[in-house]
Amino acid sequence: QVQLVESGGGLVQAGGSLRLSCAASGSTFIFDAMGWYRQGPGNQRELVANINSGGTYHATSVKGRFTISRDNAKNTVYLQMSSLKPEDTAVYYCSGIRMGREYWGQGTQVTVSS
């Protein structure tokens, strides 16, 4: 059974940094694409960044502050978050896509205090 497990969330002051990790277990394949989504209080889940063999995408709201990367040898995707703002507060979810099927992690809370 494929599982995605996020880690690295927490409480940080505005202007601070966090690094999220998402490790895949139970799979013998490399995901075609992996990404990070977030859902803030009262908001819909939104795409933050994704990465595939063609490159990376970062949402406008995080461009220049967040960086997605992956280590295929570890089947892990990362989200380096810098210059965090209170509006970045959300549950961050990892996703992986393989042959049209999407897998999700359980989410990790990121709280940015002002």
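The values are calculated or read from the model by the stated rules, or taken from the named source; none is laboratory data. Note that the structure is predicted; figures quoted are calculated from it, not measured. Cβ coordinates were reconstructed from backbone atoms using ideal geometry, including for glycine residues, and neighbour counts include every protein chain displayed. Calculation scope for accessible area: heavy atoms of the full protein, side chains included, ligands and nucleic acids excluded. Shrake-Rupley method; radii C 1.70, N 1.55, O 1.52, S 1.80 Å.
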Test: residue in segment 70-78 that is under 14 Å from Tyr92 (Cα atoms), of a type outside the set (A, V, I, L, M, F, W, C) and surrounded by 17 or more Cβ atoms within 10 Å (Cβ to Cβ): yes
Flag for Arg38 being open to solvent by 50 Å² or more (accessible area, probe 1.4 Å), part of a strand (DSSP E or B) and not β-branched (Val, Ile, Thr): no
Number of the exception - Ala49 against (1) assigned to a strand (DSSP E or B); (2) open to solvent by 20 Å² or more (accessible area, probe 1.4 Å); (3) not β-branched (Val, Ile, Thr): (2)
Given (1) touching a residue at least 60 places away in the same chain (Cβ under 8 Å); (2) open to solvent by 30 Å² or more (accessible area, probe 1.4 Å); (3) assigned to a loop (DSSP other than H, G, I, E, B); (4) not hydroxyl-bearing (Ser, Thr, Tyr), number of the condition Lys63 does not satisfy: (1)
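Gly54 - would you say it is open to solvent by 50 Å² or more (accessible area, probe 1.4 Å), over 17 Å from Thr111 (Cβ atoms) and of a type outside the set (Val, Ile, Thr)?
yes
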Selected residue (only one of Leu11, Leu18, Leu4 is within 21 Å of Tyr103 (Cβ to Cβ) and among the aliphatic types (A, V, I, L, M)): Leu4
From Thr108, Thr67, residue being among the β-branched types (Val, Ile, Thr), under 22 Å from Gly26 (Cα atoms) and within 10 Å of the chain's Cα centre (by Cα): Thr108
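Determine which member of the set Ser21, Ser27 is assigned to a loop (DSSP other than H, G, I, E, B) and of a type outside the set (Asp, Glu).
Answer to the selection: Ser27.
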